[in-house]
Structures are given as structure tokens and as C-alpha cells.
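Trainee: Structure provided below as C-alpha cells; questions to follow.
The values are calculated or read from the model by the stated rules, or taken from the named source; none is laboratory data. Because the structure is a prediction, the values reported are computed rather than measured. Positions of Cβ are backbone-derived with ideal geometry, glycine not excepted, and every protein chain shown enters the neighbour counts.
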Amino acid sequence: MKKAMLLAAILGASGSYAHADSIADYQLNFVDGLDINLSLIVDQTTGQALGGSGSIVGITGTGYSLLMGDTLTLVPAVQGVAHYRTGDGTDLNGDAIFNTTAPYLNTFSAGGLVFQISGPGQNGINIGADTTAANTNYTAFVSGLSQTGSGNNNYTSTDGTLTVLSVTPVPLPASTWLMLSALGGLGITATKRKSS
């Protein structure tokens, strides 16, 4: 009986684990023509973005065409701590919380989502918001060398809107299901031995 209860507890815990992380796809659109697609792994319990990537799919403005098509890689960090230094020496910091009820990204006032950009000059981009309101505006700050092909350049985009395209639970790894199956088999074997 105790073993059966233990197995049930393990299976229950594994079920909650299976839905603890989700892959969330976003689209960020700014009024000046900066458009970003993101796919993040989000811890639905703590709201922390654990990892992810994206791409700059649209950009207008004089001299910033080199950013077009660049890929982004999330830099996981602790909020409030400078954790990524771009090619021009700028420190970017922050993390973000994903709220599934609105849904929206709730960023700390001192930070935001920080990504490393694949383009020239080891660029970095910080995406943040000044408020936690559901309909908040977002700001993107790009820093690094050679964004325009010459010199140090900073690019700030404001008044962005966030669209959540999809949220998909991360499935359990196959090895976890194998382990759970083995535990279930052991439980059944122990029960049969007791009954005989």
C-alpha cells in the first residue's frame, strides 16, 4: 500500500513537472519598424525565462540595416546585475517574468530581457518595460560595435507591443518516462509478491 502511494506521489509530481516549463512564442513590434520574433523557455512557476532565441525580422531607420536577419540568444541572468558587456563596453542587465493570465511580459524596472546578437561587433539588445501593466509599452535598446558598419552605435526603439503567439508545455524527456515505467513495474511486482 505504501509503495503504491509512493508511486502515485512520484507520478503526480512528474505530471506537475511536465507542465512547469513552457515554450512561449512572442512577436514584438515597435512603432519605428523594429520587429522581433522570440521563442523562450519559461518556468511557469517562477515566471523566469530560462533560455531561448529569436531573430530581428524587420527594421527601418537610417544606417541600421545590418541588424536585419540577425539572430538573438537569451542571456540568463539575475535581475539587477550587469551580466553582459557588449562590444562597445555597455553593460546590459535584467530578466523578465511571463504572466500567463494577461498574457504579457512583466519586466523588472531595472532590467528586462537581454539577448546577444549574432551580427558584427558583439551587439546586445535589452528589452524592457517601465510598468507591469498588461497593456504596457516595451522598449528595446541595442548596443554594440558596427551596427551601421562603422563606429560605436546605440539604437533605442520605444512604444513596442507584445503579442503572445503560442504557449506549449515542455514534454517530459523520454528517459524520465522510462524511469517512471520501471518504478511502476517494481510496484506491481511488489504487490504481487505480497498477495502470494
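Trainee: Can you say whether Asp32 is in contact (Cβ under 8 Å) with a residue 12 or more places away in the chain, touching a Gly at 6+ places or on another chain (Cβ under 7 Å) and not hydrophobic (A, V, I, L, M, F, W, C), as far as the supplied structure shows? Step through it out loud before you land on a result.
Mentor: Details: in contact (Cβ under 8 Å) with a residue 12 or more places away in the chain: yes; touching a Gly at 6+ places or on another chain (Cβ under 7 Å): yes; not hydrophobic (A, V, I, L, M, F, W, C): yes.
Criteria met by Asp32.
Trainee: Given (1) surrounded by 20 or more Cβ atoms within 10 Å (Cβ to Cβ); (2) among the hydroxyl-bearing types (Ser, Thr, Tyr); (3) modelled with pLDDT of 75 or more, where does Thr73 come up short, assuming only one miss?
Mentor: (1)
Trainee: Right, something else. Looking at this structure, is Gly54 at pLDDT 85 or above and closer than 14 Å to Ala24 by Cβ?
Mentor: So Gly54 passes the test.
Trainee: Go through (1) within 30 Å of Thr46 (Cα to Cα); (2) assigned to a helix (DSSP H, G or I); (3) of a type outside the set (Lys, Arg); (4) at pLDDT 60 or above one by one and return the number of the condition Thr176 breaks.
Mentor: Only one criterion in (1) within 30 Å of Thr46 (Cα to Cα); (2) assigned to a helix (DSSP H, G or I); (3) of a type outside the set (Lys, Arg); (4) at pLDDT 60 or above is unmet by Thr176, namely (4).
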